Amino acid sequence: MGEINRTNGPDKEKIISEVLEVFRSLDGNTVTEKMSDKADLIGTHLFDEPLIGFASAQDPLFDEYKRYGVIGPWFMKPEEWLPGAGTVMSMFLPFSDEVKKSNRESDTVPSDLWLIGRVEGQAFIQSFITAVRDRLQQDGASALVPLVDERFRAVKGGKGITGYDGIDEKTYGSNWSERHAAYAAGLGTFGLSKGLITRRGVAGRYCSVIFDTEVEPDERPYEGIYDYCSMCGACARRCPADAITLEHGKDHTICAPWLTHSGELYAPRFGCGKCQTKVPCESQIPVKKFRDML
Ligand code: SF4
Ligand code: SF4
C-alpha cells in the first residue's frame, strides 16, 4: 500500500483508496463456523464497502452538538479528543443484502445474521477503524478513534456521565456520536427512527477517526436534520416495542430495555433492527427529490 501524499497537501482520493484496501484485506467480515453452526450462513459477508465522508474538525456543527437538546455539553469536539485535529473521517458500512433480507422476515424475532452483524459485526468495525487509524499514523498523521479511546463514555438512561445538568433517566447518548459525525461529513440525515439515512439507506453501522491533516470537507447536500426521512411512519409500525411515534420519534427508554431483553433471549448476542429493515429507507433515501440530487 502506498503512502498518503502529504507533500502537496492531503490527497483525499488516495486516503479513500487506502481505506477501501484496509476494508478488503481485513478478516472478520464473513460468517465463520465459530460464529454459527448453520452451514448456509457460513461465508456470508456482513458489510458492503463503506461510504466515506470528511468534515472539518473546526466545523461549527461540532459546537452546536454541545447544546442541550442536540447532544449536550458532555459531547467532546474533535479538538478536545485530538489537539490539533484537522479532519473527521466518517464511514457508513451498509449491512449486506443477505443480512438485511434475513431481518425482514419476522416482525419480532431478529435473524441470526442480524445478531451476528450486530455483535461480531461491531467487533469487525472496531478492528477496521483501528486499522484505518494505524494506517494514517504510519503515513505520518496523528490520528485517534473516539470509540476506542479510554475517555469514551456512553450515557444510558442518565447513567455513565456525571457532573452535568440536564442528564436524566431519558438521556441516552455519548461524548462522541458516530451518527452526528456522519451528518457533519455529508453522509446523510437523521430519520424518525433516529438512525442516519445515507444514500445506501439506514441499515448499517458507523465509525469515525479524527486526524490532524486538513482534508477538503465534503458538501452536505441537505439543510435539515430530517431531510432524507419521508416521515412515512413505517419504522413506527414495524417496531415490536412501540418505541417510535410520528410525534416524538424513537423513545430510547422503550427501545433500550427491548434490546436488553433481546440480550437475555439471544445471549451472548443482542439486537433488533426491525426499524432498519423492510422500511422504505432500508437501502436508499426514500425522498425522491434528494435521491435525484445524488
Ligand atoms: S421508515 Fe419512514 S419514517 Fe421511518 S426513518 Fe425511514 S423514511 Fe423515516
Ligand atoms: S431497534 Fe427495535 S425496539 Fe428499538 S426502535 Fe428499532 S424496532 Fe424498535
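Scanning the stretch 96-140 for residues being assigned to a loop (DSSP other than H, G, I, E, B), more than 16 Å from the chain's Cα centre (by Cα) and buried (at least 20 other Cβ atoms within 10 Å of the Cβ) gives a total of 3. Go through Pro257, Pro268 for me and flag whichever is more than 10 Å from ligand 2 (Cβ to nearest atom) and out of contact with any helix residue (DSSP H, G or I) (no Cβ under 6 Å at 6 or more places or on another chain). Only one candidate qualifies: Pro268.
Within the stretch 208-220, being more than 17 Å from Trp81 (Cβ to Cβ) and either in contact with a helix residue (DSSP H, G or I) (Cβ under 7 Å, 6 or more places away or on another chain) or among the charged types (D, E, K, R) (or both) holds for Glu216, Asp218, Glu219, Arg220.
Of all the residues in the stretch 240-252, those that are open to solvent by less than 20 Å² (accessible area, probe 1.4 Å) and near ligand 1 (Cβ under 9 Å from one of its atoms) number 2. The residues of the stretch 221-239 that are within 11 Å of ligand 2 (Cβ to nearest atom) and either open to solvent by 80 Å² or more (accessible area, probe 1.4 Å) or touching a helix residue (DSSP H, G or I) at 6+ places or on another chain (Cβ under 6 Å) (or both), listed by number, are Cys235, Arg237, Arg238, Cys239.
Set side by side, the residues Leu51, Leu93 differ, and just one is in contact with an Asp or Glu (Cβ under 9 Å, 6 or more places away or on another chain) and either in contact (Cβ under 8 Å) with a residue 60 or more places away in the chain or open to solvent by less than 20 Å² (accessible area, probe 1.4 Å) (or both), which is Leu93.
Among the residues of the stretch 85-95, just one is under 17 Å from the mean Cα position of the chain (by Cα) and of a type in the set (S, T, N, Q), namely Ser90. Just one of (1) open to solvent by 40 Å² or more (accessible area, probe 1.4 Å); (2) assigned to a helix (DSSP H, G or I); (3) more than 8 Å from ligand 2 (Cβ to nearest atom) fails for Ser262. It is (1).
Glu247 fulfils the conditions (1) more than 30 Å from Leu136 (Cα to Cα); (2) touching a residue at least 24 places away in the same chain (Cβ under 8 Å); (3) charged (D, E, K, R) except for a single criterion, (2). For Cys255, indicate whether it is within 14 Å of ligand 1 (Cβ to nearest atom), in a helix (DSSP H, G or I) and touching a Leu at 6+ places or on another chain (Cβ under 8 Å). In short, no. Annotation: of all residues in the stretch 158-190 being small (Gly, Ala, Ser) and closer than 24 Å to Ala123 by Cα, the one that is surrounded by the fewest Cβ atoms within 10 Å (Cβ to Cβ) is Gly160. Taken over the stretch 258-282, residues that are more than 12 Å from ligand 1 (Cβ to nearest atom), within 18 Å of the chain's Cα centre (by Cα) and touching a residue at least 24 places away in the same chain (Cβ under 8 Å) amount to 4. Residue count for the stretch 59-90, restricted to those that are assigned to a loop (DSSP other than H, G, I, E, B), aliphatic (A, V, I, L, M) and open to solvent by 30 Å² or more (accessible area, probe 1.4 Å): 2.
The values are calculated or read from the model by the stated rules, or taken from the named source; none is laboratory data. Everything numeric in this text was worked out from a predicted model, so none of it was measured. Backbone-built Cβ (ideal geometry, glycine too); neighbour counts: all protein chains shown. For accessibility, only protein heavy atoms count, side chains too; no ligands or nucleic acids. Shrake-Rupley method; radii C 1.70, N 1.55, O 1.52, S 1.80 Å.
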